[in-house]
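The values are calculated or read from the model by the stated rules, or taken from the named source; none is laboratory data. Here the structure is a predicted model, which means the values were calculated and not measured. Cβ placement follows ideal geometry from the backbone for every residue including glycine, while neighbour counts extend to all protein chains displayed.
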Amino acid sequence: MIIIGRWTTTGRLASTCAIFLFGACATSLFLVRESNAWPAAGAQPVTNSEAWVTAWGTSQQALGETPITNATVRMIARVTIPGDSVRIRLDNAFGIEPVTIGRAYIGHRIQGPALAAGSNRPLKFNGASEATIPVGGSTWSDPVRLPVLAQQDIAVSLYIPGANVRPSQHTAAVVTSYRSADGTGDVASAEGRMPFGATTTSLWWLKAIDVESATSPGAIVAFGDSITDGTCSTPDAHDRWEDVLSIRLGLEHNVNAPPGRGRRDGVKAVVNEGIGGNTLTRQGLTPPADSTPGMERLDRDVLSHHGVTDVVLFMGTNDIRRGAPAAQVVAGMTSIIQRVKAKGIRIAGATIIPRHNVAAAGTNTGWNADKTRIRNEVNQWIRSKAPFDAVIDFDRVVRDPTNPDLMNPPLNCGDGIHPSPAGYYAMGKSVELNLFSGHGRGR
C-alpha cells in the first residue's frame, strides 16, 4: 500500500488516500504552467506553437575523458510520446571550448547503430548544416519532419570535425551509443552498422529531443539521483522506475479520459533527469558533491524543457550520506518546490528509500543508524508537512516488511542502496497515474 497525500498550493494538506497497486485517488490538483526561458548562452528554438513537448532528456554531469577527432558519434535515445516532427537540443555544459558540429542527422534506430532504411534526416541549425555549441550553453536544431512512436529508439548522429574534442556528457546512461573511429570523418548520413564500430554508455552533447505533438498534455520530469538515473537497472532494457511509469501511462492514458473540447487526451512524456550520486545541496558536505546539486541545476535540467506539467523530486539520500542534517535536506527540497511552483508546475515528492549500514572507508562516509534516523525524519516531513502537490511513497514500496530500515531483499540489487530491476518495477508500478492527470502545458 502506498500513501499519497494531496496538497493545496499553500502547503495545507487537502486530502490523503490509501492506494493499492492499481487503486485510484479521487482528488486531483490542476495547475497551469507559465512560460520560462533557459538563461544559458545559445540559441533557443523559435516557435509560436504549443505543440512542442520534450520527449526525452538527460543530465550532463562532467567533461568526458574520451577525445574525438574527425569522427561521427551516434547517440541513442528513446522518445516517450508519438509525434510528427522532432528537434534536438545540444548542450556543452561542461565543455572548456566551443564545439563545432559539422553535420547532424536524426533517424529511426532498429538495432545496434543500424537505422531503418530511408529514415535518416539531415538536421539544420538556423538553416545551416553546421553549428557551434558555446561553452556552458545550448544549441537547438530546426524542426524536421520525422514521425515517431512512443517508446521508439531514435539515433542522433553528430559529425565532430575538430581534433581531440572532449565531450560534455551524461556519464552512465545505461544505454549503448556508438561512434566511428577517429579519422573516419563524416558518416552521419550512413544508415548501416559499418562505420560505427565502437560503443559507449555515455551520452555526448545530446541534451533533449522535443516532439511536435497535437495530443500530448505535456511532460513529467523525474528529477533525482542514481535511483532515477538507473544504477543496477539492466543495460539497454529501459527498466528503471520512470520507464515503467512511462509505459503504464502509454498503455492506460485514455482509459479514464472523457472527451472534451480542447482537451489534449494523449500520453504525457517522461523525462529522466537523474544523476548518479547527485545531492540537493552543496554546503558542508563531506565528501563534497561530485555533480552539480539539484538546487543549482534545476533551471538547466527541468525548467528549460518544453511542455513540463509535472516534476517528481526524488533526492536527499546522498546529502544525508555526506553528513547533511535533516534541516538542510528539508530546506533544499523546499527551495526546489517553491521555484517549480512559481512556474505553475505541479511537483510530487518521493520518500527516500532505506540504505543499509556501511562502515566509512576512504572518501565514502558510509551509512549508520544516525543517518537512518535523519532519513526517517525527512520522510516524515515529506509525508505530513512538505508543500508538495502529492507524495509518492517509494520507501514503503521497497522496504523490508520485517525491518523498515532495510530494503526488501528481492528488491535490493545487493549494495543496500539501489533497487534491483524487480525493485524498480515495483516502484514504477506503484505510482498512481491520476497524479499526472492535469492538462496545463508550458512553452
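In region 233-254, which residues are under 18 Å from GLU273 (Cβ atoms) and assigned to a helix (DSSP H, G or I)? Once the filter is applied, which keeps residues that are under 18 Å from GLU273 (Cβ atoms) and assigned to a helix (DSSP H, G or I), region 233-254 yields TRP241, GLU242, ASP243, VAL244, LEU245, SER246, LEU249. When each of ALA62, ALA93 is tested for being in contact (Cβ under 8 Å) with a residue 60 or more places away in the chain and crowded, with 20+ Cβ neighbours inside 10 Å, the lone residue that passes is ALA93. Residue pairs whose Cβ atoms lie under 7 Å apart, sitting 6 or more positions apart in sequence or on different chains, and linking a residue in region 335-362 that is without any contact (Cβ under 8 Å) to a residue 12 or more places away in the chain to a partner that is surrounded by fewer than 16 Cβ atoms within 10 Å (Cβ to Cβ) and assigned to a loop (DSSP other than H, G, I, E, B), are ALA359/GLY366; ALA360/GLY366. Of the residues making up region 92-108, those that are more than 16 Å from LEU123 (Cα to Cα) and not polar (S, T, N, Q) number 7. Exactly one residue out of VAL135, VAL86, VAL156, VAL99 is within 26 Å of VAL302 (Cα to Cα) and surrounded by fewer than 24 Cβ atoms within 10 Å (Cβ to Cβ), and it is VAL135.
Consider region 385-420. How many of its residues are of a type in the set (Lys, Arg) and farther than 21 Å from CYS232 by Cβ?
Residues of region 385-420 that are of a type in the set (Lys, Arg), as a first pass: 385, 396, 399.
Among the residues that remain, those that are also farther than 21 Å from CYS232 by Cβ are: 385.
So the count comes out to 1.
Yes/no matrix, rows are residues, columns are (1) crowded, with 23+ Cβ neighbours inside 10 Å; (2) assigned to a loop (DSSP other than H, G, I, E, B):
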position: GLY276; (1), (2): no, yes
position: VAL312; (1), (2): yes, no
position: ALA324; (1), (2): yes, yes
position: ILE353; (1), (2): yes, yes
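Checking each residue in region 190-207 for being closer than 22 Å to TRP56 by Cβ and surrounded by fewer than 24 Cβ atoms within 10 Å (Cβ to Cβ) picks out GLU191, THR199, THR200, THR201, SER202.
Listed here are the residues, each with its yes/no results for (1) assigned to a helix (DSSP H, G or I); (2) at pLDDT 95 or above; (3) closer than 22 Å to ASP229 by Cβ.
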| residue | (1), (2), (3) |
| --- | --- |
| ASP405 | no, yes, no |
| ASP415 | no, yes, yes |
| GLY423 | yes, yes, yes |
| LYS429 | yes, yes, yes |
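Within region 318-331, no residue that is not assigned by TED's automatic domain parsing to the domain that holds TRP381 and of a type in the set (Lys, Arg) sits with its Cβ atom under 8 Å from a residue that is surrounded by fewer than 24 Cβ atoms within 10 Å (Cβ to Cβ) and not in a loop (DSSP other than H, G, I, E, B) at 6+ positions apart or across chains.
What strands (runs of 3 or more DSSP E) completely inside region 1-113 contain at least 3 residues that are at negative phi and modelled with pLDDT of 95 or more? If you could, list the steps in order and put the result at the bottom.
Numbers: elements: 2-7, 13-19, 52-57, 71-79, 83-91, 99-101, 103-111.
Hits in region 1-113: 52-57, 71-79, 83-91, 99-101, 103-111.
Out of all the residues in region 238-260, is one or more modelled with pLDDT of 95 or more, at positive phi and assigned by TED's automatic domain parsing to the domain that holds VAL397? Yes. Report whether or not PRO113 is under 20 Å from ASP186 (Cβ atoms) and either touching a Pro at 6+ places or on another chain (Cβ under 6 Å) or not assigned by TED's automatic domain parsing to the domain that holds VAL270 (or both). Here the answer is yes, as PRO113 does meet what is asked. Residues of region 332-351 that are surrounded by 23 or more Cβ atoms within 10 Å (Cβ to Cβ) and part of a helix (DSSP H, G or I): GLY332, MET333, VAL340.
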